[in-house]
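Each remark here refers to the structure printed beneath this line.
The values are calculated or read from the model by the stated rules, or taken from the named source; none is laboratory data. Given the structure is predicted, the values throughout are model-derived calculations rather than measurements. When we count neighbours, we look across all protein chains shown, and the Cβ atoms used for this are built from the backbone with ideal geometry, even at glycine.
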Amino acid sequence: MKRGLLILLSVCVLTAVAYFTASKWAIRHETLTFFDKERNRPVQVDIAVRRDKEMQANAGMITLPVAILNHGNTVKFTEYSFLANVFAARGYMAVSIQHDLASDAPLVTKVGEPYVGRLPVYERGVENIKFAVTQLKKIQPNSDFDHLTLVGHSNGGDISVFFAKEYPNEVKKVVTLDNLRVPFMTDGKFKILSFRSKDNMFKPDPGVVPDDDVCEKAGITVVDTGAQHNDMSDRGPAALKEKIQGMLSKFLDDDNKLSPVSGQPQILQKPAPKPPAQQSMVTDPAKLAQYTPSVN
């Protein structure tokens with residue numbers, strides 16, 4: 001009897017090890033650097049995609065849906081793997097874009113100007129997305145770049161909403177994590193999911209988040225997380241990331257009203273980065289500048 005239990009236990013352990021190993025390596029991460037000659041600007045992206053889905057897309061069997069992830073101010077584009085892995089696990093090609101460079105002017109607030117002076121930053125973000133999509137079409141033509149899911153934290157959330165306002169016919173869904181400046185669209189053309197913080201230092205401008213009645217009619221789901229604004233990245237606590245992952249997964253399931261999701265979705269691990277010579281696609285290395293996040 002004991003021998004049988006030991007064998008069963010060993011089988012369970014081996015099965016668990018095999019499962020987590022498969023989960024860890026099923027999603028491929030790759031960082032590429034493109035150079036926009038017209039703007040004299042490098043655009044770095046991190047791609048997360050399931051290996052089996054990528055192989056099917058390369059064979060012309062399927063078309064990969066695409067999610068564009070936009071980072072918050074002072075947070076790197078690689079610090080949202082807990083979101084990118086959810087999309088990749090569900091068969092998306094998740095593309096995280098680095099928007100800020102060390103040479104960029106710091107983010108400032110100018111009361112009285114559109115979006116308190118952030119409009120040029122949002123316009124630059126839209127150009128980055130457009131340029132990255134153009135380059136990625138050459139690499140993965142069997143992806144749906146015409147119906148994007150836009151995702152963003154804080155300033156990246158505002159870039160996402162601004163892009164959706166400018167190009168509504170190219171957007172399928174929008175997910176924001178505590179965007180503060182650009183008001184949501186209320187025409188109901190696509191679904192919006194927004195995670196909100198409870199942080200006295202980061203309050204949305206008036207009109208950014210509509211009232212409950214408008215949200216319900218427009219297909220906007222607002223989730224009060226009770227979290228700190230700066231915790232909505234890989235830096236945040238596991239419990240918060242698991243909550244966001246569960247709600248995001250439900251949002252991607254269907255367009256019905258969301259409800260809390262039970263269980264603890266696994267946060268897939270990101271493989272160690274490759275050496276720079278292997279992980280970057282640089283068309284003009286001499287002009288490529290080292291980036292660091294801008295200061296708030």
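Assorted remarks:
- Against the test of being at pLDDT 95 or above, over 23 Å from P114 (Cα atoms), under 18 Å from the mean Cα position of the chain (by Cα) and of a type outside the set (D, E), the options F184, F190, F145 yield a single qualifying residue, F145.
- Checked against the criterion of being hydrophobic (A, V, I, L, M, F, W, C), in contact (Cβ under 8 Å) with a residue 60 or more places away in the chain, surrounded by 22 or more Cβ atoms within 10 Å (Cβ to Cβ) and touching a helix residue (DSSP H, G or I) at 6+ places or on another chain (Cβ under 8 Å), the candidates V151, V171, V121 yield just one match: V151.
- One residue stands out among those in region 207-230 that are more than 24 Å from P114 (Cβ to Cβ) and of a type in the set (D, E): the one that is surrounded by the most Cβ atoms within 10 Å (Cβ to Cβ), which is E216.
- On the stretch given as region 193-240, residues that are in contact (Cβ under 8 Å) with a residue 24 or more places away in the chain, assigned to a loop (DSSP other than H, G, I, E, B) and within 20 Å of V174 (Cβ to Cβ) total 13.
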